[in-house]
Amino acid sequence: MLSIQDLGSIGELVAAVATIATLIYLAIQIRHNTNQTRLLAVRDSSDQFTNFALTIGSTPELRSAMIRVRTFSEERRDDLSTEDWLNIEMVLRAVFNTANKDFMTYKSGIADEGYWFQVRDFLVFAMFPSKLVLDWWNTEVIPASSYDQEFRDWGNTQLRKLHPQEYV
């Protein structure tokens, strides 16, 4: 017959095994939740960009604005009508608001480096070379606290490299 001390020892062993099983279960759940969070963050960004692309593609004025930015024309803000500048500004806000969110998602560890590098390459090679982007960045982004400071610092560095004579 088991003594009280023996029963206590068995109880402690059962409790230790249950604790280990619970910790393993929680680790699996946390890993699953982290993967789901990453997937949702990337999907959300992809959905935003898809909606943005559909809007640009179906709106002649915005499509024209994007073409002006992407062809790296030598146009400057002062060369444009108020309406043309407003269209370009809306396009740039959509692109850079999404990029700022993607940057913060990457910096927080939710999105991986490869994901951010795709966004970064689009900005550096498709957007930042435009003088219209430079004009917009200097008037809208630098004073705007709605963009993460680290993202603004990163953008400032890229623009200094691409426009060393003109960067404010």
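Here are a few things to note about the model shown:
- Here Gly57 clears all of (1) within 25 Å of Val119 (Cβ to Cβ); (2) out of contact with any Lys or Arg (no Cβ under 7 Å at 6 or more places or on another chain) except the condition numbered (2).
- Condition check for Asp84: of a type in the set (Asp, Glu), farther than 25 Å from Arg43 by Cβ and buried (at least 17 other Cβ atoms within 10 Å of the Cβ): yes
- In the range 1-47, residue most open to solvent (accessible area, probe 1.4 Å) [restricted to those that are over 30 Å from Val95 (Cβ atoms) and of a type in the set (Ser, Thr, Tyr)]: Tyr25
- Checking the stated criteria, Thr50 turns out not to satisfy the condition of being touching a residue at least 24 places away in the same chain (Cβ under 8 Å), among the hydroxyl-bearing types (Ser, Thr, Tyr) and assigned to a helix (DSSP H, G or I).
- All positions within the range 66-93 that are small (Gly, Ala, Ser) and modelled with pLDDT of 85 or more: Ser81
- Whether a residue is open to solvent by less than 20 Å² (accessible area, probe 1.4 Å), at pLDDT below 85 and within 15 Å of the chain's Cα centre (by Cα) was assessed, and Ala111 passes this test.
- Which numbered condition Ile56 misses (of (1) touching a Ser or Thr at 6+ places or on another chain (Cβ under 9 Å); (2) at pLDDT below 85; (3) crowded, with 17+ Cβ neighbours inside 10 Å): (1)
- Scope the range 132-151; condition closer than 24 Å to Ile67 by Cα and open to solvent by less than 30 Å² (accessible area, probe 1.4 Å); matching residues: Leu132, Val133, Leu134, Asp135, Trp136, Trp137, Val141
- Residue check, Asp102 in a helix (DSSP H, G or I) and open to solvent by 50 Å² or more (accessible area, probe 1.4 Å): no
- Flag if Arg77 is open to solvent by 40 Å² or more (accessible area, probe 1.4 Å) and in contact with a Lys or Arg (Cβ under 9 Å, 6 or more places away or on another chain): yes
- Meets criteria (free of Cβ contacts under 8 Å to residues at least 12 places away in the same chain, within 22 Å of Leu134 (Cα to Cα) and over 20 Å from the mean Cα position of the chain (by Cα)) for Asp84: no
The values are calculated or read from the model by the stated rules, or taken from the named source; none is laboratory data. As the structure is a computational prediction, the values presented were derived from the model and not from experiment. Glycine gets a Cβ as well: all are built from the backbone with ideal geometry, and neighbour counts include every protein chain shown. All accessible areas refer to the heavy atoms of the entire protein, side chains included, with ligands and DNA or RNA removed. Shrake-Rupley method; radii C 1.70, N 1.55, O 1.52, S 1.80 Å.
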